[in-house]
Structure formats: C-alpha cells, structure tokens
Amino acid sequence: MPPAGLETLGTDLLRQISRIVVGQEDTIEMLAVALLCEGHVLIEDVPGVGKTTLARTIARCLDCSFSRIQFTPDLLPTDVTGLFFYNQKSGEFEFRAGPIQANILLADEINRATPRTQSSLLEAMEERQVTVEGHTVPLPRPFLVVATQNPVELEGTFPLPEAQLDRFFMRLSLGYPSETEEIAVLRRFGGPQSANEVEAVATAEEIMALASASRAIHVDDSIAGYIVALTRATREHEAVELGASPRASLALYRGAQALAALRGRTFVTPDDVKRLVEPLLSHRVILRHQHRLRGAATQRVLSSILEATPVPAEPLPSRSSASPVG
C-alpha cells in the first residue's frame, strides 16, 4: 500500500473543506491531485458559486504561507512579482518581494487584469522563480497558483492566452449546487454563528514528501501508451485547431499517479486516466472557429476521443508495484 499520508490526504482535505464548502467532493479530490503534482489550478465559473471560498479554504487547510491578489484592470506586473526601490538610508537599491512569494497564491478573478499583468505569472508558474530587472528570486516550495476566473463572455474580462492556459495543470468548474446543497448553504451560513474554522492537514515539507512518494506509483507501458494516444488524438481531431501539448501528456501521467495514490493503489488504471481527461485537457484544446459556430463543445470532443481510443486491459499489480512506496 502507499504511505498512509498519501491515502489519507484526500480524506483529510475533504473533511476539513466540507466544514466550509457544501458538496464538491469530486472537485476536492481533483484539488488533492493538483497538490500532489504541485500543479496550478484554474477554477472557472459564474460569480457567486464559491470559487474564492473554495480556493481560500484549500489554502487554510495547509500549514503553508498564503497570499491573495485581487486582479483588477489597473494591477501592474510589479504589484505581483515585486520591485526594486531606492533605500535612502543605505543609498542602495533593494528588492521588495511581491505577494507571489508564498506557497499558495490565490489569483482572484485573474482574467480581470490586463494581458500584460497576466503574463507576469508565466515564469513563476513554469520555473518557480521570478525575474525583476535581471534579478532572479526563487519561489518557496511547494508553489501553487489557485486562480479563479469568470466566463470570458462577462463584461470586464480579458481572455487568458493559450501559453498561460497551458501552464495550468487543470481547470475546474463548480456549477450551481443542487437544491439540497443550496438549502444546506443557507442553514450553515445564514445564522448568527457561521462555521468558518478548519485545521491544517499537512505542512509544506509533508506535501513535498508526499508529492515525491506519488511519483513512485507504477505506470504500466500500456497506460503510458494510452495517455499519449489520447493527447495525440486531440491534435488530429477534425474539430480541433490546437491540440494538447506534450506538457499535457506529462500532466496526465503525473496526475494519474497522484489519483491512484489517493485511492490507495500502487499502480495506475485506465479509469484514473479517464477521470482526468476533462479537467486536464479541456483548457488546452482550442476548437476550430467553424466548429464552434456549429455548437461544438470541447467536452463533447474529448468524450468522442475517449470513446474512439482503445482502452488497454487493466494492468495487474506487478511485484514492484505491490510493494510499499517510498
């Protein structure tokens, strides 16, 4: 079996986050996968469904440094990365770190900032460092950007460029709650005493150790071939203008390892890969204009690719994958 910390991380997160967020069990599991992969998360949905609440709660469940940036049209890149200023006492220029110097960065309503400010996150998200006026500063590890955005059809939004979207490990959508869940929200937060306390379930060092352990989860050659077949199919589909990159293949590989570990297995199955296809690939696939006009949707295209791609037989745990990880 995987180390106990791996299997219980998702359970502990679910228990703590459920004190604040009603429902969303599948979304919380995906957030745990992203955490183990140190992958950035984009939460996209209409205003008022709890995007920021969920992002803040996941940060509070980790004993890590946390920073929040409210993205607005007048936000400057240096407001994110930091800047050099002249210290009159010392007579020298000194670097003042920006809010990006945190383990968990909440980029709230990221698509309300201009493309110039959005691009200030590119280096940080890919290389875990920022460069200001030729001065490079490493970021603390783990480093995870949890960004929220409203649909681009709403007023006052700037679409994220493809290069930035590809740096997000996954995109999630919360959707409206069910009737029962919405009543539970009223009961929980409509009274004079609202529950708002959560406990930390892991430190930064524990997260990095668990992330390293998840990399040891066994991936059969047939599963690796299945992952590549899926991503290559997005590049060859008639409705797709821009398919998933090799970065997406690696994300599926690592994400499947993390999901298998969270579910108590030491090996990856095809179902692990299938579960991750939509959240990991939907934001990386751009449809052709004429197909969008005909009402094609990325989710339907990915579903058709899943149906058309042969699924390998579920691998049996080998001697090495049946042994403890780590």
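The values are calculated or read from the model by the stated rules, or taken from the named source; none is laboratory data. What you are looking at is a predicted structure, and each value in this text was computed from that prediction instead of being measured. Ideal geometry is used to build each Cβ from the backbone, glycine not excepted, and the neighbour counts take in all protein chains shown.
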Return a yes/no flag: does region 266-279 have any residue that is crowded, with 16+ Cβ neighbours inside 10 Å, in contact with a Ser or Thr (Cβ under 6 Å, 6 or more places away or on another chain) and over 25 Å from Glu314 (Cα atoms). no
Scanning for something closer than 25 Å to Leu262 by Cβ and under 18 Å from the mean Cα position of the chain (by Cα), does region 127-138 turn up at least one residue? yes
What is the number of the single condition among (1) surrounded by fewer than 18 Cβ atoms within 10 Å (Cβ to Cβ); (2) modelled with pLDDT of 80 or more; (3) in a loop (DSSP other than H, G, I, E, B) that Gly225 does not meet? (3)
Filtering region 132-164 for residues that are surrounded by fewer than 16 Cβ atoms within 10 Å (Cβ to Cβ), modelled with pLDDT of 85 or more and not basic (Lys, Arg) leaves a count of 3
Among Glu123, Glu92, Glu133, Glu109, which is the only one that is touching a strand residue (DSSP E or B) at 6+ places or on another chain (Cβ under 7 Å) and more than 20 Å from Val41 (Cβ to Cβ)? Glu133
Identify the single condition in (1) under 17 Å from the mean Cα position of the chain (by Cα); (2) not in a loop (DSSP other than H, G, I, E, B) that Ala244 does not satisfy, given that it satisfies every other one. (2)
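Residues checked against (1) within 27 Å of Leu9 (Cβ to Cβ); (2) modelled with pLDDT of 90 or more; (3) in contact with a Leu (Cβ under 8 Å, 6 or more places away or on another chain); (4) not polar (S, T, N, Q):
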residue: Arg235; (1), (2), (3), (4): no, yes, no, yes
residue: Arg265; (1), (2), (3), (4): yes, no, no, yes
residue: Val277; (1), (2), (3), (4): yes, yes, yes, yes
residue: Leu287; (1), (2), (3), (4): no, no, no, yes
residue: Ile305; (1), (2), (3), (4): no, yes, yes, yes
residue: Ala308; (1), (2), (3), (4): no, yes, no, yes
